[in-house]
């Protein structure tokens, strides 16, 4: 499978490589009372630069990731510093749903290697904050435009869905009509609310995190067929389910950003046993499985080191015999109607 093959996102003019780069671990993603992942400034920029050098032309980020740091690091990378002649050679997506406010008494921008200071995220999907969020993201990204904007996690607040329906999506549709942004969609860790959104609005792309993977196919039956019917492309986030499909299962692993339960660890071990029997890496199977679905345009695993980035590319390129998918079906680990690579 070619990780650098480009897929068109409808009639938007946007094309993404089959393998993109997710930047949540490159800033530290705020979850509850802690951080998930996190990479030093210099290493993060080095990883992003290496992705550009290797041929990955799609990078996804968000204000939430590292509370502005992931965006700022993309803004200091080779993507942003390529200058105007190189701007059409890559695609950047970010999200609306959080605005970032300075923390009183926190680290100042001048004392911060990322140049943004200490910020705090506020959940909001209002029209005014959609515009504010995009303007501030452009500054952190050091770019003159953002290609794809996702409405991010409106399920995390009781008022989120209503604000998204009444304010965020109408605002993004206007911006798309004005040519300010090329493609719009939503990015979430569930499929039910995105299904409502694509039924209500003319969206171009949905970032579905963790709900269509080698371990969790809950988005297969209703959501992905609806995307095909409505010509909505899908970006797969969390293809390793936040670690369980990419880590040593003899040690503590996470699923959906929390400690993985025993039954899922057992299922992951059965998947691993089949892969080992055929001399295939579980990560290769995880990435190629999601990319085989016709609704899926790209997958965006994160990377905390250059080695992890290069491994992700190698995993997409690895040859996987058809017997792997046959054995997984026979064992009841993937559904009979789940597409698999030829």
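Coordinate-derived values only; no laboratory data. All values derive from a computational prediction rather than experimental measurement. Neighbour counts are summed over all protein chains in view; Cβ atoms, including those assigned to glycine, are modelled from backbone coordinates with ideal geometry.
For the peptides 96-102, 268-274, 74-80, the ranking by mean Cβ contacts within 10 Å, running from highest to lowest, is 74-80, 96-102, 268-274.
The angle between the Cα long axis of helix 262-277 and the longest principal axis of the Cα atoms of the chain comes to about 60 degrees, rounded to the nearest 10. Its convex hull of Cα atoms gives the range 204-268 a direction-averaged projected area, equal to a quarter of the hull surface, of 4.4 nm².
Comparing 44, 331, 72 in a Gaussian network model of the chain (Cα springs below 10 Å), the most mobile by mean-square fluctuation is 331. Among 51, 158, 209, the residue with the largest mean-square fluctuation in a Gaussian network model of the chain, with springs joining Cα atoms closer than 10 Å, is 158.
What number, rounded to the nearest 500 deg cm²/dmol, is the helix-based mean residue ellipticity at 222 nm of the chain, given -39500 (n - 2.57) per DSSP H run of at least four residues and division by all its residues? Each step should come with its number before you reach the end.
Working: 12 runs with 116 residues, N = 342.
Helix-only estimate at 222 nm: -10000 deg cm²/dmol.
Where Rh is the Kirkwood radius over the Cα pairs of the range 131-288, the temperature 20 °C and the viscosity 1.002 mPa s, what D in µm²/s does Stokes-Einstein return? Value of D from the Cα-based Kirkwood radius: 124 µm²/s. Annotation: peptides 106-116, 136-146, ranked by per-residue average of other Cβ atoms within 10 Å with the highest first, follow the order 136-146, 106-116. By the compact-protein rule of thumb, 2.2 N^0.38 Å, the alpha-carbon radius of gyration of the chain corresponds to a ratio of 0.95. Counting only alpha carbon atoms, the long axis of helix 282-291 and the longest principal axis of the chain meet at about 70°. Report note on the peptides 1-8, 322-329: ranked by the mean count of other C-beta atoms within 10 Å, highest first, their order is 322-329, 1-8. Springs between Cα atoms under 10 Å define the GNM used for the chain, and in it the highest mean-square fluctuation of 82, 171, 183 occurs at 82.
Give me the extension gain from residue 132 to residue 145: residue separation times 0.36 nm, minus the current Cα-Cα distance, reported in nm with one decimal. Mind dumping the intermediate values first?
Numbers: separation 13, 0.36 × 13 = 4.68 nm, distance 1.41 nm.
3.3 nm is the gain from fully extending residue 132 to residue 145.
Within the range 278-336, the proportion of Cα pairs with more than 13 Å between them is 64 percent.
Set the Förster radius R0 to 35 Å, insert the Cβ-Cβ distance between residue 329 and residue 192 as r into 1/(1 + (r/R0)^6), and round the FRET efficiency to 0.05.
On the way: r = 26 Å, r/R0 = 0.75.
After rounding, the FRET efficiency stands at 0.85.
With r defined as the distance between the Cβ atoms of residue 342 and residue 104 and R0 fixed at 41 Å, what FRET efficiency is calculated, to the nearest 0.05? So, using R0 = 41 Å, E works out to roughly 0.10.
Our note on the geometry: Cα centres of the range 215-236 and the range 149-214, 14 Å apart. Values of log10 I(q)/I(0) for the range 159-221 across q = 0.19, 0.25 Å⁻¹ run -0.73, -1.07, by the Debye formula with one identical scatterer at each alpha carbon and no solvent.
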